[in-house]
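The values are calculated or read from the model by the stated rules, or taken from the named source; none is laboratory data. This structure is a prediction, so every number in the text was calculated from the model and none was measured. Every residue, glycine among them, receives a Cβ derived from its backbone with ideal geometry; neighbour counts consider all protein chains shown.
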Amino acid sequence: MSSPAAPAPAGRRRWLVLATVALAQLMVVLDATIVNIAMPSAQAELGFSDNDRQWIVTAYALAFGSLLLLGGRLSDMLGRRRMFLIGLVGFAVASALGGAAGSFELLVAARALQGVFAAVLAPAALSVLTTTFTVPAERARAFGVFGAIAGMGGAIGLLLGGYLTENLDWRWNLYVNVVIAAVALVAGLALLPRTGGAAGHRLDLPGVLLGSVGLFALVLGFSQAEPQGWDSVATWGPLVASVLLLTGFVLRQRTAATPVLPLDVVLDRDRGASFLAILVAGSGMFGVFLFLTYYLQATLGYSPMRTGVAFLPMVVAIIVTAQVQSNILIPRFGPRLLVPIGMLLAAGAMLSFTTLTVDGSYLRVLPGLVLMGTGMASIMPASFQLATLGVAPRLAGAASALVSTSQQVGGAVGTALLNTLAATAATAYVADHAPATPEVLAAAALHSFDTAYTWSAAIFVGGAVLAAVLFRSRGDRAARAAAAPAVPAAPEAALVAH
């Protein structure tokens, strides 16, 4: 038995809930990039090496990615409101510790703690949204906003990080989370309905361990690919372990009385295609944030603040396109058409970046940014909607956790793959064009960026093919909805019918 879900907030209150949840989601997403801008200043003050600095990013990704499934299950068991508020408070405390860190070790520990509470907060936020907006038209608008934030959070992190680093101090890239969390906490206490968890359900500890350690090993293995190389035991050892552990996790979920991730959530074609689309978008998009940031700063000589401002057209394109998609195009054409188109637009943006030159200008960058923003806004809102559509409220946390897991693991895998391919290309270029003059090194860097963009474009093209094949047609989805038994009183039945 599970306690009945609280009624969804009515009228204007629902949109205030959306604003609260969106604010929390923005904090979690932008934190993946905002610290990158602050890294050089933090390194100069705390005195850690180039080899060590990756752990400031990796510690967050490891904790976040590995604990998301547990966070989603706790949201279902203990209540969405409770876990949302716990996640906010914990994230704020961890951010304050990181901002006040006097050593490299404390900074890494604080980043890991941020990841722990992000894994609690992210699924709770999305499951609140899933159970608050059940009317199809309103749900489309709400998920359009949420999907846009997921797509543009990294760019906002670069912009905000550049401003804070230049005008205040690198530590404010962490302190700013305390301010954001405080606003979201006050709003959450006032607005979120009190809901009970799943009464009588126990936590499947073997499933939690297999899933969490398996995801930890997966993210760790890929994070070591660039610094250690693919032939290093530090890379392939964790990857082999992750395959074994995650296989054990799937087998466990088939037999567990209270599974961490009920397999029905994943095996639905539309939801499975949505999770895959989010993973592909997360992995391919890092080609923009990572290598285009390098290009703007190292090649064109932009300051951190100017680099952040340079991404604004992409943010605007995401905001505008997401609302058009959610309110007009998705209801009319469906994700089977729009998601592949978004993937192809993103692939085109990546290929446009391969035309950039050492003495280029921002005008050569701008069209690709707009194209990328349009593509991401065609992928994310539709995928976010279908990834949680039709899921019973008692499983909303698990489905929401898998959305965040797809995005996080996609980003980690994409970063490792593209970093390794770029580094290999740069090394080969310098070897073929010796001696290593400053001109050769600059050309090698540009060649490495082009390699990353090309592979990223290939990832998006592959994602377009898979999305076109896996998503159901509108006719198929309508036929399945018509054949489903009508149970008007159940919120999940209304979602399935939609």
Could you grab the pairs with beta carbons closer than 8 Å, sequence gap of 6+ or different chains, first residue in the stretch 317-337 and over 16 Å from A142 (Cβ atoms), second one not in a helix (DSSP H, G or I)?
-> G334/F471; G334/S473; P335/F471; R336/F471; R336/R472; R336/S473
Taking the residues in the stretch 395-435 that are over 30 Å from V265 (Cα atoms) and among the small types (G, A, S) as candidates, determine which candidate is farthest from the chain's Cα centre (by Cα).
-> A434
Report yes if some residue within the stretch 42-50 is surrounded by fewer than 23 Cβ atoms within 10 Å (Cβ to Cβ), assigned to a helix (DSSP H, G or I) and in contact with a helix residue (DSSP H, G or I) (Cβ under 7 Å, 6 or more places away or on another chain); otherwise report no.
-> yes
Run down T299, T247 and say which single residue is over 25 Å from L26 (Cβ atoms), assigned by TED's automatic domain parsing to the domain that holds L446, surrounded by fewer than 19 Cβ atoms within 10 Å (Cβ to Cβ) and more than 21 Å from the chain's Cα centre (by Cα).
-> T299
Counting only residues that are buried (at least 21 other Cβ atoms within 10 Å of the Cβ) and hydrophobic (A, V, I, L, M, F, W, C), how many does the stretch 130-144 have?
-> 4
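Sort out which residues of the stretch 190-202 are surrounded by 12 or more Cβ atoms within 10 Å (Cβ to Cβ), more than 11 Å from A257 (Cβ to Cβ) and at pLDDT 60 or above, and write them in order of number.
First, the residues of the stretch 190-202 that are surrounded by 12 or more Cβ atoms within 10 Å (Cβ to Cβ): 191-193, 195-198, 201.
Pick out the ones that are also more than 11 Å from A257 (Cβ to Cβ) and you get 191-193, 195-198.
Across the stretch 190-202, the qualifying residues are L191, L192, P193, T195.
Being within 23 Å of V280 (Cα to Cα) and out of contact with any Phe, Trp or Tyr (no Cβ under 9 Å at 6 or more places or on another chain): is that true of A468 here?
On the way: within 23 Å of V280 (Cα to Cα): yes; out of contact with any Phe, Trp or Tyr (no Cβ under 9 Å at 6 or more places or on another chain): yes.
Yes: the conditions hold for A468.
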Looking only at the stretch 311-329, decide whether some residue is among the β-branched types (V, I, T) and within 22 Å of R472 (Cβ to Cβ).
-> yes
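Here is a check on your reading of the model: is A486 modelled with pLDDT under 80 and in the same structural domain as R73 (by TED's automatic domain parsing)?
Spelling it out, A486 is indeed modelled with pLDDT under 80 and in the same structural domain as R73 (by TED's automatic domain parsing).
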Please name all residue pairs, on different chains or six or more residues apart, with Cβ atoms under 8 Å, provided the first residue is in the stretch 255-284 and is under 15 Å from V469 (Cα atoms) and in a loop (DSSP other than H, G, I, E, B) and the second residue is of a type outside the set (V, I, T) and at pLDDT below 80.
-> D268/G390
Residues that are modelled with pLDDT under 85 and surrounded by fewer than 20 Cβ atoms within 10 Å (Cβ to Cβ), drawn from the stretch 325-346 | N327, I328, L329, P331, R332, F333
Can you name the residue in the stretch 342-357 that is of a type in the set (V, I, T) and in contact (Cβ under 8 Å) with a residue 40 or more places away in the chain and is also nearest to L276 (Cα to Cα) among such residues?
-> T354
Would you say V309 is outside any helix (DSSP H, G or I) and either touching a Gly at 6+ places or on another chain (Cβ under 9 Å) or of a type in the set (S, T, Y) (or both)?
-> no
Cross-chain or 6+ apart pairs with Cβ under 8 Å, the stretch 224-249 first and within 19 Å of L205 (Cβ to Cβ), then surrounded by 17 or more Cβ atoms within 10 Å (Cβ to Cβ) and of a type in the set (S, T, N, Q) | none
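Is at least one residue of the stretch 345-366 assigned by TED's automatic domain parsing to the domain that holds I34, outside any helix (DSSP H, G or I) and among the small types (G, A, S)?
The first filter runs over the stretch 345-366 and keeps only residues assigned by TED's automatic domain parsing to the domain that holds I34, leaving 345-366.
Going one step further and asking which of them are outside any helix (DSSP H, G or I), we end up with 354-361.
When the remaining residues are screened for being among the small types (G, A, S), the result is 360-361.
Yes, that holds for at least one residue.
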Taking the stretch 213-244 as the search range and keeping residues that are crowded, with 16+ Cβ neighbours inside 10 Å and either assigned by TED's automatic domain parsing to the domain that holds L421 or among the polar types (S, T, N, Q) (or both), which one is farthest from T420 (Cα to Cα)?
-> S242
